[in-house]
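Undergrad: Starting off with a structure, shown below.
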Amino acid sequence: MTTKMSFGDTVVMWQKKYGRHDLPWQNTQDPYAVWLSEIMLQQTQVATVREYFARFMARFPTVADLAAAHQDEVLGLWSGLGYYSRARNMHRAALDVVALHSGVFPRNSEALQTLPGIGRSTAAAVASLCFGEPIAILDGNVKRVLTRYLGFKEDLASSRVEKNLWAIAQTMLPLRDVKQAMPRYTQGVMDLGATVCTPKKPQCAQCPVADTCVAKAEGQPEAYPVKTRKLKRTSEQLWLLQAVTRQGHVWLMKRPQTGVWAGLYCLPVFESFDALLATLPVKYHTQLQDGGVFKHVLTHKDLHLHPVELTLPSTVKLAAAMGEGQWMAEADWPSLGLPAPIRKLLAR
């Protein structure tokens, strides 16, 4: 008589044969590399992260290297990846690892959560993948896998309900050789969500737990997970002053540490064309050119950006007109932390 394997053990066996094994942050138990990849993978596709991960590891091969860097350089390398608070917190966390933990990452999820920008699921991922801690993760992919498998119909918009799912997830870990199995289980349940149990048209025929999956039995896997509260999309109009010289210099300002594009270098931003005009001497008004509006899509907001071009003969003083800023040579601005739409605008 054979004993049926648990959910966790089944996922471990499936990952060995069918899971992903070629991602650049796999096949290592270096918590720095795993942590770096986990932060980048938040809200970002694997295909995009590959390039950024390689670039960061080449420039900052250790957490000490990252901690020693200036935040501007970190933001420069991050530019285009979005959600820049991740990069700022990542740099702060590196500083804490060096200053408070002698350059060595904590070895358990509870201690990892004391570092800036590391939440419960990210801490659990690092602890289980690198140190074999028997701790569940619950990122977006895993929520989808578990709610479908369990037929979990409660609304994840409720923090109480999500807490219940966390507790259930902890009971679904592998039962055999737990410490050795945990890295493969954690990777496996993420792989299932990313490659088989996808948001649309899941490949149930290829799923190792399909025989006991409630959502498959019901015939409606896409009904899970249940989450009713959605953030309402908004839109905002912004005007950008693109002041350049005939020699290729561009006027850039550093954004405040809060709000849109916090801490990044940027063209001067205004809430209206009239506000832009008010900062410039009248003699420049007739030289302004409309750069054409374009839309930049954020997660919950559409930014309608209106670049206004001003070409000057040389690097005249603009600071008095619009606050702190500086002229950047054409060879210098590409290395700065710039919002993706500003980088594209300058490049064109």
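The values are calculated or read from the model by the stated rules, or taken from the named source; none is laboratory data. Note that the structure is predicted; figures quoted are calculated from it, not measured. Backbone-built Cβ (ideal geometry, glycine too); neighbour counts: all protein chains shown. We work out accessible area using only protein heavy atoms, side chains counted, and drop any ligands, DNA or RNA first. Shrake-Rupley method; radii C 1.70, N 1.55, O 1.52, S 1.80 Å.
Undergrad: Name the long-range amide H neighbours of residue 243: under 5 Å, sequence gap of 5 or more, or other chain; modelled H, no Pro or chain starts.
TA: Those qualifying (amide H under 5 Å, at least 5 residues apart or on another chain) are 251, 310.
Undergrad: Right, next: Can you give me the convex hull volume of the Cα atoms of the chain, divided per residue and expressed in Å³?
TA: Per-residue hull volume (Cα only) is 157 Å³.
Undergrad: Sticking with this one: Give me the one-decimal nm value for the distance between modelled label points at residue 99 and residue 230, 7 Å along each residue's Cα-to-Cβ direction.
TA: 4.2
Undergrad: Could you pull the accessible area for residue 57 with a 1.4 Å probe, rounded to 10 Å²?
TA: 50
Undergrad: Where in segment 68-156 are there trypsin sites (Lys or Arg not before Pro) that are in a DSSP coil and have at most 16 other Cβ atoms within 10 angstrom of their Cβ?
TA: 107, 153
Undergrad: Can you tell me the order of 224-230, 332-338, 183-189, 171-177 when each peptide is scored by its average per-residue count of other Cβ atoms within 10 angstrom, highest first?
TA: With the highest mean Cβ count within 10 Å placed first, the list reads 183-189, 332-338, 171-177, 224-230.
Undergrad: Something else: Per DSSP helix of 4 or more residues, -39500 (n - 2.57); summed, then divided by the residues of the chain. What does that give at 222 nm, rounded to the nearest 500?
TA: -12000 deg cm²/dmol
Undergrad: Per 10 Å bin, what percent of the C-alpha pairs of segment 50-134 does each bin hold, from zero upward?
TA: Spelled out per bin, shortest first, that is 18, 47, 32, 2.
Undergrad: Compare the Cα positions of 228, 260, 66 along the charge dipole of the chain (+1 at Cβ of Lys, Arg; -1 at Cβ of Asp, Glu; about the Cα centre) and return the one farthest towards the positive end.
TA: 228
Undergrad: Leaving ligands, DNA and RNA out of it, report the carbon-plus-sulfur percent of the accessible area of segment 17-60 at a 1.4 Å probe.
TA: 47
Undergrad: Among all the lysines, which ones have a C-alpha under 30 Å from residue 179's C-alpha, if same-chain residues fewer than 8 places away are not counted?
TA: Here the lysines satisfying the reach criterion relative to residue 179 are 4, 16, 17, 143, 163.
Undergrad: Quick one: accessible area per residue over the chain, 1.4 Å probe, rounded to a whole number of Å²?
TA: Averaged over the residues of the chain, the accessible area is 50 Å².
Undergrad: Highest mean first, how do 194-205, 26-37, 266-277 rank when packing is the count of other Cβ atoms within 10 Å averaged over residues? Mind showing how you got there, number by number?
TA: Numbers: 194-205: 15.1, 26-37: 18.7, 266-277: 16.7.
Per-residue Cβ counts within 10 Å, averaged per peptide and sorted highest first, yield 26-37, 266-277, 194-205.
Undergrad: Run the numbers on segment 123-270 and let me know its relative contact order in percent, using alpha-carbon pairs under 8 Å that are six or more apart.
TA: Relative CO of segment 123-270 lands at 25 percent.
Undergrad: Let me check against my output: what whole-number percent is the relative contact order of segment 156-221, with C-alpha pairs under 8 Å and at least 6 apart?
TA: In percent, rounded to a whole number, it is 14.
Undergrad: Right, something else. Can you tell me, using C-alpha contacts under 8 Å and at least 6 residues apart, the relative contact order of segment 1-85 as a whole percent?
TA: Relative CO of segment 1-85 lands at 21 percent.
Undergrad: Ordering 314, 235 from largest to smallest accessible area (1.4 angstrom probe), what's the sequence?
TA: Numbers: 314 55, 235 80 Å².
Correct descending sequence by accessible area is 235, 314.
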